[in-house]
């Protein structure tokens, strides 16, 4: 279905490109495709376990192969940040999905070859981030950034929850290949959904009205991107060790599993809250309130061993994490009509998540995770300050009529 056909179907008359991009069928097509593209990132711990249990790879080799998807995501997001506005989004999604499926098939055949499997996982990560980039670029061009980014996070988490529930069964039946079979099963139907993904986003800036024109990327954009990196690093410095903290507090694995399951519900509620609140109270005010709650919950995780406090702290932490992210992404999306920062934000976020477990291992000792909490709190607070500085500079620049640089 071409953009022109979608204009007729969803718009009728007027600013057809706006109505097309904001139509729910088109939006959900991009979101579902992006959620599937993010699956491998969400199930990386299961993949690492399957690699280790296969008996073919050492723990070090398993870690290197497990990082290949993340490396592919980073490289893909950096490349796409330069070209996403010049590409046909639907064709990009179809090509990326084809590469995603082909890399799973080739992974099945290359599962016993270290170098071949590494390359296949790198390509899988690049394909997955391309699908996510289409979704993020589409959402950035809609009129309700906060709500739509929140919808994406909910879709991503529901997809991830379903995957983490089903993949262990697939692995029990088919070994490591079970993971690749599941990804094939999840990805194939997206070809039908891709028919509704728009071919292009907003028209070029020269064709838009002056209220949506922006300058090239300046220091404010890079400051906010670094803020996104710090947020990902900060929350994962603590979240990656929640299970270890609970074990040190004396909770059983079953109890910890139930608490983390409840936190999934809390995180979904956090994202859903954004769909109702949107920006009614000001994005920075809401981010500030959530940042304080995250820092307090981090402190409570290690300071109070009582089970009820631990469960409340984990739930508040998860709620505020997914509550904050849509507002951060919305601020970035609104600050840059070129669409570069929102794609780069994917890379910065993933780098923060990927570096945190290793960094946390260096600064923590068994049973003592206070340094994780302190550094995590500093990173989360620094993220807020960078976003605040960048947003204020953008507002000042808009007021005087010249782009910040």
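The values are calculated or read from the model by the stated rules, or taken from the named source; none is laboratory data. Bear in mind that the values here come from a model prediction, so they are computed numbers and not experimental data. Here the Cβ is made from the backbone with ideal geometry for all residues, glycine too, and neighbour counts use every protein chain on show.
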Within the range 12-35, can you find the residues that are modelled with pLDDT under 85 and crowded, with 17+ Cβ neighbours inside 10 Å?
17, 19, 20
Do we find that residue 215 is surrounded by fewer than 17 Cβ atoms within 10 Å (Cβ to Cβ), outside any helix (DSSP H, G or I) and modelled with pLDDT of 85 or more in this structure?
no
Which condition number does residue 160 fail, the rest of (1) more than 26 Å from residue 318 (Cβ to Cβ); (2) at pLDDT below 90 being met?
(1)
Candidates 275, 247, 254, filtered to the one that is surrounded by fewer than 23 Cβ atoms within 10 Å (Cβ to Cβ) and in contact (Cβ under 8 Å) with a residue 24 or more places away in the chain
275
Residue 405 being modelled with pLDDT under 85 and outside the structural domain of residue 281 (by TED's automatic domain parsing):
yes
Give 161, 96, 116 a once-over and let me know the one that is without any contact (Cβ under 8 Å) to a residue 60 or more places away in the chain and more than 22 Å from residue 25 (Cα to Cα).
116
Filter result for residue 106 (surrounded by 17 or more Cβ atoms within 10 Å (Cβ to Cβ), touching a helix residue (DSSP H, G or I) at 6+ places or on another chain (Cβ under 8 Å), free of Cβ contacts under 8 Å to residues at least 60 places away in the same chain and not assigned by TED's automatic domain parsing to the domain that holds residue 334):
yes
Filter the range 80-92 for residues that are over 17 Å from the mean Cα position of the chain (by Cα) and touching a residue at least 40 places away in the same chain (Cβ under 8 Å); the one that is surrounded by the most Cβ atoms within 10 Å (Cβ to Cβ) is 89
